[in-house]
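Colleague: One structure, as structure tokens, below. Some questions next.
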Amino acid sequence: MAITKEQRRLRIRRGIRNKVSGTAERPRLSVFKSNKAIYAQLIDDANGSTLVASSSAELGSSTVNIISSKEVGKKLAEKAAGTGISAVVFDRGGYPYHGKIKALAEGAREGGLKF
């Protein structure tokens with residue numbers, strides 16, 4: 001039986017989540033990518049709560065590309081700075097660290113997040 005791309009991504013995602021966990025001091029930066037938008041959020045896994053979230057839909061971008069992904073990262077870092085968060089752990093959600101995911105991470109780093 002053939003494994004689909006989605007099944008492969010979810011298997012990789014489970015492996016990442018076994019190793020990466022967020023706290024209130026250093027939350028997990030989780031990324032999700034759909035065909036229409038890219039989403040990023042800072043999650044405190046100890047309490048099970050989302051601290052800060054940002055998406056390309058929130059920024060009014062009609063397409064998801066590297067430029068809009070970078071802007072989402074910058075916006076998330078700006079919101080995080082407003083709540084006093086400066087360090088995070090990165091959860092790429094099973095996606096390869098390439099293209100849009102890499103652009104989002106670079107945008108977050110430019111915005112001031114450390115990971």
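Colleague: Enumerate the calculated ³J(HN,Hα) couplings along the range 60-69 in order (Karplus 6.51 cos²θ - 1.76 cosθ + 1.60, θ = phi - 60°), each rounded to whole Hz, writing x wherever the residue is Gly or Pro.
Modeller: 3J(HN,Hα) across the range 60-69, in whole Hz: x, 7, 8, 10, 9, 9, 5, 5, 5, 5.
Colleague: Sorted by packing (mean other beta-carbon atoms within 10 Å per residue), highest first, where do 103-111, 31-39 land?
Modeller: Descending mean neighbour count gives 103-111, 31-39.
Colleague: Roll a 1.4 angstrom probe over the protein heavy atoms and tell me the percent of accessible area of the chain that is carbon or sulfur.
Modeller: Percent of accessible area from carbon and sulfur atoms in the chain: 51.
Colleague: In addition: Can you list residues whose amide H is under 5 Å from residue 51's amide H, if they're 5+ apart or on another chain and H is modeled 1.01 Å from N?
Modeller: Under 5 Å from the amide H of residue 51: 42, 43, 44.
Colleague: Here's something else I'd like to know. Need one number: % antiparallel among DSSP beta bridges in the chain, to the nearest 5.
Modeller: Restricted to the chain, the bridges split so that about 75 percent are antiparallel.
Colleague: Measuring with a 1.4 Å probe in the full set of protein chains, what accessible area per residue, in whole Å², belongs to the chain?
Modeller: Here the residues of the chain average 58 Å² of exposed surface.
Colleague: Which three lengths, in whole Å and largest first, does the chain cover when its Cα atoms are put on their principal axes?
Modeller: Principal axes ranked by extent give 48, 34, 20 Å for the Cα atoms.
The values are calculated or read from the model by the stated rules, or taken from the named source; none is laboratory data. The structure presented is a predicted model; accordingly, all values stated were derived computationally and were not measured. Backbone-built Cβ (ideal geometry, glycine too); neighbour counts: all protein chains shown. Note: accessible area is taken over every heavy atom of the protein model, side chains too, but ligands, DNA and RNA are not part of it. Shrake-Rupley method; radii C 1.70, N 1.55, O 1.52, S 1.80 Å.
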